[in-house]
Amino acid sequence: LAIEGGRATFAGTLGGNEVRGDATASFADLRPLARFAGIPLSGALDAAAGGTFHSRAGANLDVRGSTTNLGTGDPAVARLLAGKTQFAGIVTRKPDGALAIAKLAVDGAVLKATGRAALGAATIDVALEGRLANLRLLADAASGAAMFAVNATGARDAPTIDATIKVDQGTLAGRPLDKASVRVQGKRSATGWAGTDAPDGNFSAQRLAG
């Protein structure tokens, strides 16, 4: 199937209540797809998916591919996915709509991450860890490569968060960070954020303490 900006293919079986096979998508320019996606897409995509696309038990697909300078209209996404980014994961969808991604892997020049994610109608269960090439991509006042780990579980509208960021060498507000880290645990409450933070390391030659 030729589509403006690229091409999509499918080889498999369609019968009864099941669709199985292998699909590919190759788009040197994603902008023509923006009207279908409902967001201002840009960049390039090469992807493949194989497995069960539809059945009474849901879907189960092995997905992998790469993007180049992917844009979705969000400046933060554009910065994180600048250059070539490879991705892979096992995507499952249950008949009730619950979506899960296992063995998730993202490998790009800016962002590297592995983990899993599950989204139910009212629940979330996400565990990710990885590396960000430079904090300046997300915050102008910070710099330095960062390792991160994020866990979010519970209700989708108010999950419990446990997140850790570690910076070996960097800066914050123009002042040096040395082997610094912060762990934040908590959840959103009726009055705002309820939780704790535990900093460690050195900031501007002073020891951080929670």
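Numbers below:
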{"read-out": "Out of G186, G195, G201, G170, sole residue that is touching a residue at least 12 places away in the same chain (Cβ under 8 Å), surrounded by 12 or more Cβ atoms within 10 Å (Cβ to Cβ) and touching a Phe, Trp or Tyr at 6+ places or on another chain (Cβ under 8 Å)", "value": "G186"}
{"read-out": "Whichever residue in segment 128-164 is within 19 Å of the chain's Cα centre (by Cα), open to solvent by 70 Å² or more (accessible area, probe 1.4 Å) and modelled with pLDDT under 95 and, among such residues, is farthest from A105 (Cα to Cα)", "value": "D157"}
{"read-out": "Selected residue [in contact with a helix residue (DSSP H, G or I) (Cβ under 7 Å, 6 or more places away or on another chain) and on the phi < 0 side of the Ramachandran plot] from P40, P32", "value": "P40"}
{"read-out": "Checking L128 against (1) touching a residue at least 12 places away in the same chain (Cβ under 8 Å); (2) closer than 21 Å to D168 by Cα; (3) outside any strand (DSSP E or B); (4) hydrophobic (A, V, I, L, M, F, W, C), the condition it does not meet", "value": "(3)"}
{"read-out": "Selection from segment 61-90 of residues that are more than 16 Å from the chain's Cα centre (by Cα) and crowded, with 17+ Cβ neighbours inside 10 Å", "value": "L61"}
{"read-out": "Cross-chain or 6+ apart pairs with Cβ under 6 Å, segment 15-40 first and farther than 17 Å from T52 by Cα and open to solvent by 60 Å² or more (accessible area, probe 1.4 Å), then of a type in the set (G, A, S) and part of a strand (DSSP E or B)", "value": "A28/A44; R31/S42"}
{"read-out": "Residue check for K112: in contact with a Ser or Thr (Cβ under 8 Å, 6 or more places away or on another chain) and of a type outside the set (A, V, I, L, M)", "value": "no"}
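The values are calculated or read from the model by the stated rules, or taken from the named source; none is laboratory data. Please read these numbers as outputs of a predicted model, since none were measured by experiment. Because the Cβ atoms are built from the backbone with ideal geometry, glycine has one as well, and the counts that use them run over all protein chains shown. SASA here: full protein model, heavy atoms, side chains in, ligands and nucleic acids out. Shrake-Rupley method; radii C 1.70, N 1.55, O 1.52, S 1.80 Å.
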